Amino acid sequence: MKGMKIGIIGTRGFPEVQGGIETHCMELYSRIARNEDVIITVYRRTPYLNDTNKNAGYKNIRFVDIPVPKSKNFETLLHSFLATVHALFQGFDIVHYHNTGPGFFMPLLKITRAKLFFTYHNVSYSQKKWSRFAKWFLSTSEKVSMNSADHVIFISEVIKSEMLSRYRIKNHRVIANGVNIPVKSVKSDFIDSLGLQKKKYVLAIGRFLEEKGFDYLIQAFVKTGLKDYKLVIAGDTDYPTEYSDRLKALAVENGVILTGFIKGEQLNQIFTWAGLYVMSSFEEGLPIALLEAMSYDIDALASDIPANLQVGLNSDDYFKVGDVDELKEKIINKIRSGKGNDFREILKQRYNWDTIAQETYNVYINNIN
């Protein structure tokens, strides 16, 4: 087919916008766009654009940037509605929604010829940050998305099993997140500026949400009594909350290094020179940050939630989620052992973005022919 037109709704945007869905969309669609028979339109949100990323150019990708207020409860709702209305008049062959919030407006496109795709990234309405209205909206959006989509893609077997127990979904498949094998940094000026020593810090990455478990990670690290190691948390909050304020105060009180949102060379350095990576989450879809840490051959610890277990680390690399004392002991044992890990073969086989992009492209082709 010549000139397959694809619309993408549900990401804040890319490049250089922090978030799992944002990384997923950037890696996926920059590859699918290499096919000469596609024209991809990505709907972005203006609060996340700046002089650096606004005019980014990708082959066969155009951006439609929609002004919306940066609001925890209404930003996604408004952006998804406006993007869907715009998409009504674009003659898309496929419109692909990412996650439940944006999918609320999917039925509007039933009047067009577009095939509707939906990727389920995580069960977002269970997150504590949402208001009662937001949780109702996201839960309702899940039902609407599942019943409206022509094809559903799950990023993990865990999410697929949960959703198939609730809904009758005819066309579906699992296509995982991926990760790139990086070229490690040879520089250390950024970590030097933070007062860090190479391989002498424990790293965690993510937005400051209760579900990430950073508060009990700090408590566990403090209890280790490790004086020659630091704890580094790279990330921040999109919207200040009581929890994010409390977390920052706890970090400052205990000498934890907070880098804020970082990218590019700074992120490369913080991964390259980390001695241990910890994912303490209570909830994940398929954890891109953990896969990224594995791609740097960093020794890793992860909470024993289903999403992390499916990644396939060794049994000693998991700890009981929320258990401060077990995490403390695991951190001490990891650092004392000084063993590294080589995850690259696993990542190439299971989480290869080129393979993932080809699988997604094939699903598009098979569903519009």
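A few points about this structure:
- Taken over region 263-292, the criterion of being surrounded by fewer than 21 Cβ atoms within 10 Å (Cβ to Cβ) and either farther than 23 Å from K330 by Cβ or of a type in the set (K, R) (or both) is satisfied by K263, G264, E265, Q266, L267, N268.
- Of everything listed in (1) surrounded by fewer than 20 Cβ atoms within 10 Å (Cβ to Cβ); (2) farther than 20 Å from N180 by Cβ; (3) modelled with pLDDT of 95 or more; (4) in contact with a helix residue (DSSP H, G or I) (Cβ under 6 Å, 6 or more places away or on another chain), the single unmet condition for Y43 is (1).
- Scanning region 214-229 finds one or more residues that are surrounded by 17 or more Cβ atoms within 10 Å (Cβ to Cβ) and within 24 Å of V17 (Cα to Cα).
- Subset of region 68-102 (residues that are part of a loop (DSSP other than H, G, I, E, B) and in contact with a His (Cβ under 9 Å, 6 or more places away or on another chain)): V68, N99
- Residue check, S139 in contact with a Pro (Cβ under 7 Å, 6 or more places away or on another chain) and either in contact (Cβ under 8 Å) with a residue 12 or more places away in the chain or surrounded by fewer than 17 Cβ atoms within 10 Å (Cβ to Cβ) (or both): no
- Conditions (1) surrounded by 14 or more Cβ atoms within 10 Å (Cβ to Cβ); (2) part of a loop (DSSP other than H, G, I, E, B); (3) assigned by TED's automatic domain parsing to the domain that holds V144: number failed by V158: (2)
- Residue, farthest from L28 (Cα to Cα), within region 101-146, restricted to residues that are at pLDDT below 80 and hydrophobic (A, V, I, L, M, F, W, C): F133
- Single match in K160, K198, K170, K187 (criterion: touching a residue at least 12 places away in the same chain (Cβ under 8 Å) and over 26 Å from S30 (Cβ atoms)): K198
- For region 5-25, the set of residues classified as of a type in the set (A, V, I, L, M) and at pLDDT below 95 consists of V17, I21, listed by residue number.
- Residue list for region 315-339, restricted to those being in contact (Cβ under 8 Å) with a residue 40 or more places away in the chain, out of contact with any Asp or Glu (no Cβ under 8 Å at 6 or more places or on another chain), more than 17 Å from G213 (Cβ to Cβ) and not in a helix (DSSP H, G or I): none
- Qualifying residue in region 21-36 (condition: in contact (Cβ under 8 Å) with a residue 40 or more places away in the chain, part of a strand (DSSP E or B) and closer than 18 Å to E359 by Cα): no
- Scoring D65 on the criteria (1) in contact with a helix residue (DSSP H, G or I) (Cβ under 7 Å, 6 or more places away or on another chain); (2) closer than 27 Å to N366 by Cβ; (3) in a strand (DSSP E or B) leaves a single failure, condition (2).
- Put simply, of K200, K263, K170, K227 the only residue that is over 23 Å from the mean Cα position of the chain (by Cα), more than 27 Å from D323 (Cβ to Cβ) and among the basic types (K, R) is K170.
- When K227 is tested against (1) within 26 Å of I181 (Cβ to Cβ); (2) part of a loop (DSSP other than H, G, I, E, B); (3) of a type in the set (D, E, K, R), exactly one condition is not met: (1).
- Filtering D297, D238 for residues that are touching a helix residue (DSSP H, G or I) at 6+ places or on another chain (Cβ under 8 Å) and assigned to a loop (DSSP other than H, G, I, E, B) leaves a single hit, D297.
- Complete set of residues in region 253-270 that are without any contact (Cβ under 8 Å) to a residue 40 or more places away in the chain and part of a strand (DSSP E or B): L258, G260
- Single condition P182 does not satisfy, out of (1) in contact (Cβ under 8 Å) with a residue 60 or more places away in the chain; (2) surrounded by fewer than 18 Cβ atoms within 10 Å (Cβ to Cβ); (3) part of a helix (DSSP H, G or I): (3)
- Test for R344: is it without any contact (Cβ under 8 Å) to a residue 12 or more places away in the chain, basic (K, R) and not assigned by TED's automatic domain parsing to the domain that holds E27: no
The values are calculated or read from the model by the stated rules, or taken from the named source; none is laboratory data. Because the structure is predicted, anything quoted here is derived from the model rather than measured. Neighbour counts are summed over all protein chains in view; Cβ atoms, including those assigned to glycine, are modelled from backbone coordinates with ideal geometry.
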